[in-house]
Amino acid sequence: MSLIKRIKHRFNSFQISTKITLGYAACFAMLLLIINAVAWVGVMNALFDPAENALNRSMIRVAQVLENLNANHDSLHADLLENELSLGVVLRVVTDDGVVVVDTDKDYPSNEDFNSGILAEQPSFAEDYLEVSQFKNALIYRGTMYFKPDDDDGATLYFFKTITSELKTFNELENILIGLDVFGMIFALFVGYFLSRKTLTPIKEMNEVAREIVFENMDGRIPISDAKDELTKLGTTLNEMLDRLQKPIKSQQKFVSYASHELRTPATVFLGYVELLENGGADDPEFLKEAMEALRSEANNLQKLLETISFLSRYDQSRLKLDKETLDLDEIVGDVMRKMKISVKTHTIELLNNTPAKIFGDATAVQQMIRVFLENAVKYTPAGGNVKVNSVRDGDKVLLSIADSGIGIAPENQQKIFERYFRVSNQNYKAQGSGLGLAMAKAIADLHDVEILVDSELGKGTTFTLVIPVATGD
Ligand code: ADP
């Protein structure tokens, strides 16, 4: 594996926080390097340029004086040239014979001392035409010029300038810059690591919540902070997704436990009668009749339950196909009432007023809905009680009420009864049911824009009023 591939592979194995920290530190280091390089060059120029300029100026001025004079060595007096030297510049003139004819600072290191200390490599801050030598603790620049009068031997002019203090300042600054770099890098790594860890904490929390979520328990949710950043948005979206997933899963779990409970009764009844019939019951015509009736009734209940479940499941999946058309509500009400009156002998069932009205809907579904309220009215009214149905026109609505003189519904349960599987537990009054009838009636009502009003008093009775829109044009 190539080095780059290996680095890439290693980098990919890091945590995101480490990757962000390293990336951030690398950018910071680059920035620091650029700033430092600029500062380094700038300071170097600011420190060494004046020294070099002083040497350069001195050399130009002395050269001019010499040109004007064009004199022999004897005229090269120190005081004549000294005036032309910039501050701190030392001049030494040595003839070709090696005689020092001018030396503006006798204590300055000799040429031999300078030559012995010449730096092998020219420092980056020094111009090429200058020589740099280290003598003892001092650093010295030397510029050289050759002068040859017409009527005399030549002489070499050496210009010196000490740059020790400049170099010291420069080195100190270099050390400060390196120190700042190291500090900056450590600081960047520390701050980067801290910030990325803090920023990515929600991801850690999401991971923990996601780990704990199982099919049986989906209650866990990601804690949402006040921040309005992308991670908070992601957390909210994931929580919403969990809500959406949990709802059908919960209702599925509820349904499975409900169905297994509800199917137990008919299964027990079927098995019980079959066993009794096998053990001689079939020979008793009385018992045979009773068994057949019981089995038919259980089978009917079961069929109704399955139809309701199938209806609600299709409703949930938006697969219900309604065949809507203009219907005569009064005909449907009359029809349902006639059938009820035939099958129910224990209660007084009355149709008070049946206003002729046209509605727009699915005939079977509307019938089913009205039947649920009528059957409940009978079911939750003790034998001997009465059920009254009435329909009146109210503007563009028909108010169809089904009132019973039954056990009534406590105020706290009057909305809950429309939830699936909800049944009011009543020790004094037992009635068979699935807890799905009103849920189905509510679904049909919603599909037809029908509003359901409940008015009930415990022990006195209940009135359900269906507010049904009439068909346009009626
Ligand atoms: P069920 O199959 O139990 O009747 P429903 O969904 O039709 O299921 O009704 C839900 C619950 O509402 C019933 O269990 C019952 O407690 C209550 N309820 C419905 N209709 C009436 C009524 N007319 N009078 C009193 N209670 C009623």
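The values are calculated or read from the model by the stated rules, or taken from the named source; none is laboratory data. Please read these numbers as outputs of a predicted model, since none were measured by experiment. FYI the Cβ positions are ideal-geometry reconstructions off the backbone, even for glycines, and counts take in every protein chain you see. Areas reflect the complete protein model, heavy atoms only, side chains present, ligands, DNA and RNA absent. Shrake-Rupley method; radii C 1.70, N 1.55, O 1.52, S 1.80 Å.
With every protein chain left in place, what is the accessible area per residue of the range 325-469 in square angstrom, probe 1.4 Å? Numbers along the way, then the final one.
Values: 7060 Å² over 145 residues.
Per residue, the range 325-469 has an accessible area of 49 Å².
Once you've got the Cα coordinates, tell me which of Lys388/Lys430; Lys8/Lys233; Lys304/Lys442 are over 28 Å apart.
Checking Cα-Cα distances, Lys8/Lys233 exceed 28 Å.
Only helices at least 15 Å long along their own axis, judged from Cα atoms, and with Kyte-Doolittle mean hydropathy of 0.0 or greater: name those in the chain from DSSP H. Mind dumping the intermediate values first?
Numbers: long enough: 16-69 (78 Å, 0.96); 164-212 (70 Å, 0.29); 230-278 (71 Å, -0.26); 285-316 (46 Å, -0.44); 329-343 (21 Å, 0.07); 363-379 (24 Å, 0.46); 437-447 (16 Å, 1.22).
What comes out of the filter, once short or polar helices are dropped, is 16-69, 164-212, 329-343, 363-379, 437-447.
For Arg221 paired with Ile186, estimate the spin-label separation in nm (one decimal), with each label point 7 Å from Cα along the Cα-to-Cβ line.
Computed distance between label sites Arg221 and Ile186 equals 4.6 nm.
With every protein chain present, what accessible area does Ser343 have (1.4 Å probe, heavy atoms only), rounded to the nearest 10 Å²?
90
What is the range 3-174's relative contact order, in percent, from Cα pairs under 8 angstrom and six or more apart in sequence? Walk me through the numbers before you get to the answer.
Values: 199 pairs, mean separation 37.9, N = 172.
Averaging sequence separation for qualifying contacts and normalising by length gives 22 percent for the range 3-174.
Once the cut-off is 20 Å, how many percent of the Cα-Cα pairs in the range 301-411 end up in the long-distance tail?
Working: 2953 of 6105 pairs.
Above the 20 Å cut-off, the range 301-411 has 48 percent of its Cα pairs.
Given the whole protein assembly as supplied and a 1.4 Å probe, what does the accessible area of Ile468 come to in Å², nearest 10?
Solvent-accessible area, nearest 10 Å²: 10 Å².
Kirkwood-based Rg over Rh for the range 329-474 (C-alpha set), two decimals?
Details: Rg = 14.6 Å, Rh = 15.5 Å.
We get a ratio of 0.95 for the range 329-474.
How far apart, in nanometres, would the label points at Tyr429 and Lys198 be if each is projected 7 angstrom from Cα along the Cα-to-Cβ direction?
For Tyr429 paired with Lys198, the spin-label model returns 6.4 nm.
How many nm separate the modelled label positions at Arg371 and Asn300, each set 7 Å beyond the Cα in the direction of the Cβ?
Spacing of the two 7 Å Cα→Cβ label points: 1.1 nm.
Mind checking the per residue accessible area of the range 230-316 for me, 1.4 Å probe, whole number of Å²? Don't jump to the answer; show the numbers that get you there.
Working: 6050 Å² over 87 residues.
Dividing the accessible area of the range 230-316 by its residue count gives 69 Å².
Specify the longest stretch of the chain that does not include any exposed loop site, a site being one of the trypsin sites (Lys or Arg not before Pro) with a non-H, G, I, E, B DSSP assignment and at most 10 other Cβ atoms within 10 Å.
Values: sites that count: Lys106, Lys136, Lys228, Arg319, Lys321, Lys345, Lys430.
Of all site-free stretches, the longest is 1-105.
Per residue, how much accessible area does the range 27-145 show when a 1.4 Å probe rolls over the protein heavy atoms, in square angstrom? Don't jump to the answer; show the numbers that get you there.
Numbers: 6680 Å² over 119 residues.
For the range 27-145, the per-residue accessible area is 56 Å².
I need the calculated FRET efficiency for the pair Tyr146 and Ala120, taking r as the beta carbon distance and R₀ as 22 Å, to the nearest 0.05. Display every interim value, and only then the final one.
Numbers: r = 24 Å, r/R0 = 1.10.
FRET efficiency, Tyr146 to Ala120: 0.35.
What's the FRET efficiency of Glu212 with Lys233 using the Cβ-Cβ distance as r and R₀ = 22 Å, to the nearest 0.05? Could the numbers behind the result be given before it?
Values: r = 22 Å, r/R0 = 0.99.
Calculated value: 0.50.
Could you order Met337, Met145 so the one with the most accessible surface comes first? Probe is 1.4 Å. Let's see the in-between values first.
Values: Met337 5, Met145 40 Å².
Correct descending sequence by accessible area is Met145, Met337.
List the extent of the Cα atoms of the chain along each of their three principal axes, largest first, rounded to whole Å.
161, 62, 39
Measure off, as a whole percent, the carbon and sulfur share of the 1.4 Å-probe accessible area of the chain, all protein chains present.
Of the solvent-accessible surface of the chain, carbon and sulfur hold 56 percent.
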